[in-house]
Amino acid sequence: MTAIEPSRKDIEDLSQNKKYSSSLRFWHWGNAIVITGSLLTVLANSTVLAGWPTRTFVIDNLKKSGTTVTEDQVRSLVGGLRDRVWDIHVYFGYFLAALLLFRLIYEFFTKDKTLARQIKTAYRQYKNGQNRLIARHELVVKSLYATFYLLLIIMAVTGLCLAFDDDIPALHQMHWIKEVHGFCMYLVLIFIVVHLAGVFLAERTDSKGIVSDMINGGDKS
């Protein structure tokens with residue numbers, strides 16, 4: 001069993017498939033949408049709206065329509081578009097922070113099987129030699145998820161600091177916040193690739209149906 005493949009079986013009862021509550025499924029798919037949207041805004045500003053080629057494109061097309069503009073005017077126009085895209089990025093950041101708060105509340109107050117509980121169960125079974133291979137696999141996968149959540153928290157906190165740094169002078173002086181935020185983004189991208197690869201492999205091996213489980217709740221054994 002490959003370490004990055006999520007398992008469909010419940011570590012506490014291997015005769016049953018995992019069940020996902022509606023709250024957890026809401027968080028999962030909401031998080032997927034928000035992160036995708038956030039990354040797309042970064043991609044847009046770093047490619048389509050970046051650099052001289054974009055300004056040249058605007059100038060050339062305006063000339064074709066008989067409009068003459070200066071380079072400074074085009075720079076201001078493109079800069080305004082970039083700012084609008086960053087505004088959208090900030091809104092995605094607010095949604096991400098809200099979803100993380102929702103996930104933390106769910107983790108501490110739900111009666112369902114939490115991530116911490118699943119990690120403890122997998123560790124206990126591995127330590128006791130019970131279902132050792134499956135327990136080790138589950139421990140690795142859930143630990144990766146916990147690391148991912150930590151990265152999201154760091155991204156949300158640093159992102160909020162960047163969003164309000166104009167209002168809080170002390171934050172404006174902390175240039176390292178932007179570097180940490182950008183670095184965590186690359187780590188999140190790596191996790192997403194690993195996660196998608198694991199899900200793809202799981203669907204082709206002994207955990208077929210894991211995607212539909214995250215959609216319908218995974219009630220079928």
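Of the chymotrypsin sites (Phe, Trp or Tyr not before Pro) in segment 102-208, the ones in a loop by DSSP (not H, G, I, E or B) with at most 16 other beta carbons within 10 Å are Phe164.
On a straight-distance basis, which lysines could pair with Lys19 in a cross-link, Cα separation under 28 angstrom, same-chain partners fewer than 8 positions away excluded? Once the sequence-local lysines are set aside, what remains near Lys19 is Lys9, Lys111, Lys113, Lys120, Lys127, Lys142, Lys208, Lys220. The orientation-averaged projection of the convex hull spanning the C-alpha atoms of the chain amounts to 16.3 square nanometres. Ordering Phe92, Gly159, Thr110 by Cα displacement along the dipole of segment 67-178 toward the positive end leaves Thr110 in first place; charges were set at the Cβ atoms of Lys, Arg (+1) and Asp, Glu (-1). Under 5 Å from the amide H of Gln16 lie the amide H atoms of Asp10, each residue being 5 or more positions distant or on a separate chain, with H modelled from the backbone and absent for Pro and chain starts. By the helix-only formula, in which each DSSP H run with n ≥ 4 contributes -39500 (n - 2.57) and the sum is divided by residues, the chain has a 222 nm mean residue ellipticity of -25500 deg cm²/dmol. Among Asp165, Asp60, Asp87, sorting on how many other beta-carbon atoms sit within 10 Å of each Cβ, with the fewest leading, yields Asp60, Asp87, Asp165. For Leu150, Leu115, the sequence from fewest to most other C-beta atoms within 10 Å is Leu150, Leu115. So which residue, out of Ser23, Ser46, Ser65, gets the largest mean-square fluctuation from a GNM of the chain using Cα contacts under 10 Å as springs? Fluctuation is largest for Ser65.
The charge dipole of the chain, taken about its Cα centre with unit charges on the Cβ of Lys, Arg, Asp and Glu (plus for the first two, minus for the last two), comes to roughly 820 debye. For segment 1-146, relative contact order (Cα pairs under 8 Å, six or more residues apart, normalised by length) works out to 34 percent. What whole number of Å gives the distance from the Cα centroid of segment 91-140 to the Cα centroid of segment 42-66? About 46 Å separates the Cα centre of segment 42-66 from the one of segment 91-140. With 0.36 nm allotted per residue and the present C-alpha distance subtracted, the Ile192-Ile215 stretch has 6.5 nm of extension available.
Multiplying the residue separation of Lys127 and Arg75 by 0.36 nm and subtracting their alpha-carbon distance yields 12.6 nm.
Any read-out appearing in this document is the output of simple, stated calculations on the displayed coordinates, not a laboratory observation. Because the structure is a prediction, the values reported are computed rather than measured. Cβ coordinates were reconstructed from backbone atoms using ideal geometry, including for glycine residues, and neighbour counts include every protein chain displayed.
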